[in-house]
Amino acid sequence: MYCATLATRGIEPGLLANLAETLTLSTPNPHRLPSRVAREDEHLLVTAAKSGDVSAFEELVNRYERKIFRLTMNITRNREDAEDAMQDAFMKAYSHLDKFQEDSRFYTWLVRIAANEALMRLRKRRPNQVSLDEPIEGEDDFIPQQIQDWGPSPEQRYAQTEMRDILRSVIDELAPDFRVVFVLRDVEGLSTEETAEAVGISEAAVKSRLLRARLKLRQKLGRHFRQDGTQ
Amino acid sequence: MNCNDVILRVSSYIDGELEGTLVQEIELHLKECHDCTILVQQTKLTVRWYYDSDLVDFPADVSARLHETLRRKIREARK
C-alpha cells in the first residue's frame, strides 16, 4: 500500500502515476489485494496513472512486479542481479514515462527495459558468454543424433515439484545467448521482432537461437525422461 | 525433404510461420518418419512446459525491498 503512504507524505500523484506505467506487466501478486481491473484495461490504468491516479498506480505495481522479477531472474540466474535489474527497470521506466507511446503495449515496453537491465548485468558477470553476434553457421551440435521416446507422459510420471526442479535445472544449463532468447520468446511471449529489439540482434538471429535453444532443451530433458531411464 | 530439413524448420513449423507448401512437405515427411514425429512432439511439449511453468518464486522480502526502493527514489527525484 505504499502509494497511499507516498500520497500522505506529499508525493505528487502524477509521479506515482508515472511509476504505475513503469510497472505494467501482468501477473497479480498473490500477496496483495486482487486486481479489480481486467488485464485488457491496461491502457486505462496507464492513462489514469499518468494523470495522477494513485490507485491506478498501485494496481499496476501489484500487477507486474512478480512477472518482472521472473524475467530478470530467468535471464541472470542470480538473485542479487535479478533484484537490482528489476528495481532499476521500474525506476528507468518511471523516469522515461513521458516517452512511452500509448499506441504500443506498456507491458512490452517494460519488458524491453527490464530485459536490457538484466542483460547488462549478465554481460558484466559473464563477459564472454553473452554476445550480440549473429549465430555461427555450421554449429550443428543441436542436431539430434538419436531420438528416443520419452514413454508415458512425463507429466504423469513426475510430481509437479519434481517437474519444476527438472525444468529449472535444464534451463540453467543452457548457454546465456540461447536462454535469453528462449525466455523472451517462449516464457514471456514477446514476438520475434520485440525479442530482436530487446537483445539487440537481428530477427534471423533470434529465430536461429530459438531453434537451437528449443532443441537443446528438448535434448537435455530427454536425459530425465527417456523410457529406459539411462542418463 | 529429409530429416535434417525438418529439424532445421521444426521451430518455425510449430510456430506456424512456414508457407503452405513447406508445411505440406514436412507433414508428408512426418507421416513416414517416426523419429521426426517424436522430435516435433517433444519440441512442442518442451515449449508448452516452459510456457506453463513458473520456475521463479517471488519472495515477500524482494517485493518489500522493491516498494521501499521505489518510494525512496521517488522521494529523492522530487528534491
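We did not get these values from a lab; they are worked out from the coordinates using the rules stated. Quick caveat, the model's predicted, so the values are computed rather than measured. Using ideal geometry, Cβ is built from the backbone for each residue, glycine included, and neighbour counts are taken over all protein chains shown.
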Rounded to the nearest 10 degrees, the helix B:3-14 long axis (Cα) sits at an angle to the longest Cα principal axis of chain B of 50 degrees
Over chain B, the sum of -39500 (n - 2.57) across DSSP H runs of at least four, divided by residue number and rounded to 500 deg cm²/dmol, gives at 222 nm -26500 deg cm²/dmol
Most exposed to least, judged by fewest other Cβ atoms within 10 Å, A:HIS43, A:HIS224, B:HIS29, B:HIS34 sort to B:HIS34, A:HIS43, B:HIS29, A:HIS224
Going residue by residue through the range A:201-216, the Karplus relation 6.51 cos²θ - 1.76 cosθ + 1.60 with θ = phi - 60° gives ³J(HN,Hα) values, rounded to whole Hz and with x marking Gly or Pro, of 10, 6, 5, 4, 5, 4, 4, 5, 5, 5, 4, 5, 4, 4, 5, 5
Measuring from its Cα centre, chain B shows a charge dipole (+1 at each Lys and Arg Cβ, -1 at each Asp and Glu Cβ) which, in debye to the nearest 20, is 1040 debye
Simple spin-label estimate for A:GLN148/A:ARG223, 7 Å along Cα→Cβ, in nm, reads 1.2 nm
Within 10 Å of the Cβ of an average residue in A:71-83, the count of other chain Cβ atoms is 2
Across B:7-16, the residue-averaged tally of Cβ atoms belonging to other chains within 10 Å stands at 4
In this structure, among A:LYS124/A:LYS207; A:LYS92/B:LYS44; A:LYS124/B:LYS73, pairs with alpha-carbon gaps over 30 Å are A:LYS92/B:LYS44
Per the 1/(1 + (r/R0)^6) rule, R0 = 41 Å and r from the Cβ atoms of B:LEU18 and B:ALA64, FRET efficiency to 0.05 is 0.30
Taking chain B, the equivalent ellipsoid from its C-alpha gyration tensor has semi-axes in Å, biggest first, of 49, 16, 8
Here the cysteines of chain B without any disulfide-compatible Cβ partner under 4.7 Å are B:CYS3
Shielding of B:39-45 by other chains, given as the mean Cβ count within 10 Å, works out to 5
Rounded to 0.05, the calculated FRET efficiency for the beta carbons of A:GLU173 and A:ARG105 at R₀ = 25 Å is 0.20
The residues A:ARG209, B:ARG48, sorted from fewest to most surrounding Cβ atoms within 10 Å, come out as B:ARG48, A:ARG209
